[in-house]
Amino acid sequence: MMDIDGSAHSGGGSIVRQAAAYAALTGRPVRIRNARARRRHPGLRPQHVQALQAAEPAGRYTWDIGTAGSATMLALSVLPVLAFRGPGAEAEIRGGLFQDFAPSVFHLQHVIMPMLAQMGLAARIEMIRPGYVPAGQGVIRLAVPPAARPLRPLTPRRGQVPARVWGIALASHLEDRHVAARMAAAARTVLDAAGISAQIEERSDVTAAQAGAAFALFADFIGGTRLGADRAGAPHRLAERIGARVARQLLAEIGSGATIDRHASDQIIPFAALADGTSTFQVPFITEHTQTAGWLASLFLRAEVRATGQALTVHGQDARDLRLGSRGEGDPPTPALSRLG
């Protein structure tokens, strides 16, 4: 049994989620001690419990976190399991879609999914209803076909100047306050000062369980690179500050020379670790989440993950070398986690 200290590296929920997925993929039982020990409220939250329960292959599923916990993080957790442990699957996931400290559904749709498609995994995610803190109740649909075996390694390239900058400004139940337009206008002011024009789609929604907003920007480069930046709305968080902050963050990503943004750098590691070959990225900087993802990929998959300056290299462990086949009909289930400490 593999024993993992949940207080190591980032000390957060990503250790629980990724370890559960790796355990399900490899069939290796694992015990996690000190789960989320470095968070304000240690231990498992509903979204982490749901990630453990969801780490099973094949079929059609509905998973409801029951809070505003991140539905997108749950989707990322189960995606490799669904792709490699069976004929694929479809899932409807309910929870929060836009919040701090978790990937937005826009980033998952427009940054992570296109990268996976380049690697040979054509998963799709669709937002049915936005979900914000504290009500949650957002809905996404995830469709995961069987992964191409092996996944192709990924080495995106880019020039100095993006070929296109674009974005999405979403506001729910806030049309009378023109929140989407204000976020977009503030972002354009910052980008215009840097000599960059942007096409920003303004969306008004009335289906969410509460008022809320989210803003995302993307920069596309010739060579396969797409960088993203986003931020969720929150009480007393001005629309203008959201738009300006996201624009400044995107400019920082562009100016860093990165071929993958700070958020995607840890999220892509599990998939690069399952690829047949070496994936190489330029990152803005190495985050604790990137270190955590590299550590877990090395533990479970024997993948070699190196960070030198801004260069992130993942020497993948071909998924064909793992025992990833579907369980037989009469086989007993293999729990993702045998015990939590």
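Here Ser298 sits with roughly 50 square angstrom of accessible surface, probe radius 1.4 Å. Computed across the chain, the Kirkwood radius stands at 20.2 Å (inverse of mean 1/r, all Cα pairs).
Against the chain, whose longest principal axis is taken from its Cα atoms, helix 13-26 shows a tilt of about 40°. Taking Glu202, Glu175 and ordering them by how much accessible surface each has at a 1.4 Å probe, largest first, produces Glu175, Glu202. The overall shape of region 95-190, judged from the alpha-carbon gyration tensor, is oblate: a/c is not under 1.5, and a/b is no greater than b/c. Taking amide H as placed 1.01 Å from N in the peptide plane, Asp64 has its amide H under 5 Å from the amide H of Arg94, each at least 5 places away in sequence or on another chain. Of all DSSP-defined beta bridges confined to the chain, some 65% are antiparallel rather than parallel. The residues of region 158-269 present an accessible area of 43 Å² per residue when probed at 1.4 Å with all protein chains retained. Surface composition of region 58-139: carbon and sulfur make up 52 percent of the accessible area, probe 1.4 Å.
Surface listing: Met119, Met1, Met127 arranged by accessible area from highest to lowest gives Met1, Met127, Met119, probe 1.4 Å. Quick one: helix 71-84 against the long Cα principal axis of the chain, what's the angle to the nearest 10°, folded into 0 to 90? Between helix and principal axis, roughly 40 degrees. Kindly identify region 7-130 as rounded, prolate or oblate by the Cα gyration tensor criterion: order the square roots of the eigenvalues as a ≥ b ≥ c, call it rounded if a/c is under 1.5, otherwise compare a/b with b/c, prolate if a/b is larger, else oblate. Oblate.
A straight line joining the Cα centroids of region 67-144 and region 1-29 runs 20 Å.
Close amide H partners of Asn34, meaning residues 5 or more places away or on another chain with modelled amide H under 5 Å apart, are Gly6, Gly341.
Available extension along the chain between Ala252 and His236 is 3.3 nm, counting 0.36 nm per residue and deducting the alpha carbon span.
Surface composition of region 189-247: carbon and sulfur atoms hold 51% of the protein heavy-atom accessible area at a 1.4 Å probe.
Output the 0 to 90 degree angle, nearest 10, between the alpha-carbon long axis of helix 239-255 and the longest principal axis computed from the alpha carbons of the chain. Helix 239-255 and the main axis of the chain meet at about 60 degrees.
Only helices enter this figure: runs of n ≥ 4 DSSP H residues, each worth -39500 (n - 2.57), summed and divided by the residues of the chain, yield -9000 deg cm²/dmol at 222 nm to the nearest 500.
The values are calculated or read from the model by the stated rules, or taken from the named source; none is laboratory data. Quantities reported herein were computed from a predicted structural model and do not represent experimental measurements. Just so you know, the surface numbers come from the protein's heavy atoms only, side chains and all, with ligands and any DNA or RNA stripped out. Shrake-Rupley method; radii C 1.70, N 1.55, O 1.52, S 1.80 Å.
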